[in-house]
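The values are calculated or read from the model by the stated rules, or taken from the named source; none is laboratory data. Computed from a predicted model, the values in this text were never measured in an experiment. Neighbour counts are summed over all protein chains in view; Cβ atoms, including those assigned to glycine, are modelled from backbone coordinates with ideal geometry. Accessible surface areas use protein heavy atoms only, side chains included; no ligands, DNA or RNA. Shrake-Rupley method; radii C 1.70, N 1.55, O 1.52, S 1.80 Å.
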Amino acid sequence: MAEFHVIAGASERLVYPAVRKIRMSDLSDCLRRGAEDFWEKPSHYAFVALIYPVAGIIFAYWTSGNNALPLLYPLMAGFALVGPFAAIGLYEISRRREMGIETSWRHALEVRRSPARYSIAVVGMLLAVIFLLWLYAASALYNVLFGSVPPETGAFVRDVFTTREGWILIILGNAVGLVFAVIALAASVVAFPLLLDRDVGAYAAVHSSVRAFMRNPLEILAWGLIVAVLLVIGMVPLFAGLAVVLPILGHASWHLYRKLIARPLS
C-alpha cells in the first residue's frame, strides 16, 4: 500500500481540504508574518538559505561558457518554478513556530522524517519535470531563431538586444515562461505546506493547490508576481539578497497556505 499512501495520504483515501476565498490584503499580511518569522532568528534562517545564492553563482559560472550561455536567463527565471520545493524547510520552521515549539535552523532538516516525505518527493519531481520542460522549450526556441552554433558572449548579447530575432526571443520566450510559471504556481501554491501539515498524499495536495488557484486566480497570480519581483531584487546583488528574500518568501508561503486552506474540523 506504499504507492497508494503516496497518492492518497495516511488515511488511504482521497481527502480534499476545504479551500477559502482570500483578498489582496491577505498577501501583504502573509509577507508581514513571513518577515516576522525570519527576523525572530535571522542569522539561523539566512544560513539555511545561503545555499541558494551559492547555487546561483555556480549556475551563472557554469553557463558563462559559450555552449550554455543561452540557458543563463532560463535557469535564473526557472528558479521560481522549483522554489516551493526548495523552501520546504522554511515551511517546517514556520509550522513549528506556529505551534509554539522550539525552532532552529536544524529543524529545517526535519522534513526528511516527515510521514509525507515520499509524497513531497513526488510533487518535487513534478516541479522538476516542469523546470526541465521549460529549459528544453527555451533552448529549442533559441535554436530555431539563432541556430545551434554556440554563441560568443559579446555576439550573444548584441544579437539578443539589437536584432529582430532577439526581440522575438525575448517576447516569445517570456510568454512561454509565463505559461510554465502559471502551471507550476497552480500545482504547488499550497501543496508542500499542506503535505507537511496533513499527510493527504501527492494527488490531493496538487488537486487542492489547483482548486485554491481556481477560486483565487487574481490573488494567486498577484502572489506569483510578488515572488518573481522579490526574487529578481534578491538576485541583483550577486544573488546575496536571496539569503534574506528566500526565507521571508518561504515563511510567507506557509501563512498563505493557512489563509487558503481551512483547518480540519476535528
| message | So if I check each of G224, G250, G234, which one is within 19 Å of L178 (Cβ to Cβ) and in a helix (DSSP H, G or I)? | response | G224
| field | Subset tally (residues that are within 19 Å of I248 (Cα to Cα) and crowded, with 19+ Cβ neighbours inside 10 Å) for the stretch 212-223 | value | 3
| query | In the stretch 96-112, what residues are at pLDDT 80 or above and open to solvent by 70 Å² or more (accessible area, probe 1.4 Å)? | reply | R97, E98, M99
| Neighbours by Cβ (under 7 Å, 6+ apart or cross-chain): first from the stretch 169-193, within 18 Å of P217 (Cα to Cα); second among the polar types (S, T, N, Q) and in a helix (DSSP H, G or I) | A186/S209; A187/S209; S188/S209; V189/S209; V190/S208; V190/S209; A191/S209
| Do we find that G250 is surrounded by 17 or more Cβ atoms within 10 Å (Cβ to Cβ) and on the phi > 0 side of the Ramachandran plot in this structure? | no
| task | Considering each of G154, G147 in turn, give the residue that is over 23 Å from the mean Cα position of the chain (by Cα), free of Cβ contacts under 8 Å to residues at least 40 places away in the same chain and open to solvent by less than 30 Å² (accessible area, probe 1.4 Å). | result | G147
| query | Residue check, V200 against (1) under 27 Å from P17 (Cα atoms); (2) part of a helix (DSSP H, G or I), all met but one. Which one? | reply | (2)
| message | Can you tell me which residue is surrounded by the most Cβ atoms within 10 Å (Cβ to Cβ) among those in the stretch 125-144 that are touching a residue at least 40 places away in the same chain (Cβ under 8 Å) and either within 17 Å of the chain's Cα centre (by Cα) or not in a helix (DSSP H, G or I) (or both)? | response | W134
| said: What are the pairs with Cβ atoms under 7 angstrom where one residue, in the stretch 12-41, is over 14 Å from I226 (Cβ atoms) and the other, located anywhere, is part of a helix (DSSP H, G or I) and hydroxyl-bearing (S, T, Y)? Sequence gap at least six, or different chains. | reply: L14/Y203; Y16/S208; P17/S208; V19/S208; D37/S94; F38/Y45
| message | Just to confirm my filter: which helices (runs of 4 or more DSSP H) fall fully inside the stretch 1-81 and include at least 3 residues that are among the aliphatic types (A, V, I, L, M), within 20 Å of L194 (Cβ to Cβ) and at pLDDT 60 or above? | response | 2-8
| request: State whether the residues of the stretch 121-134 include one that is in contact with a His (Cβ under 9 Å, 6 or more places away or on another chain) and more than 20 Å from P70 (Cα to Cα). | output: no
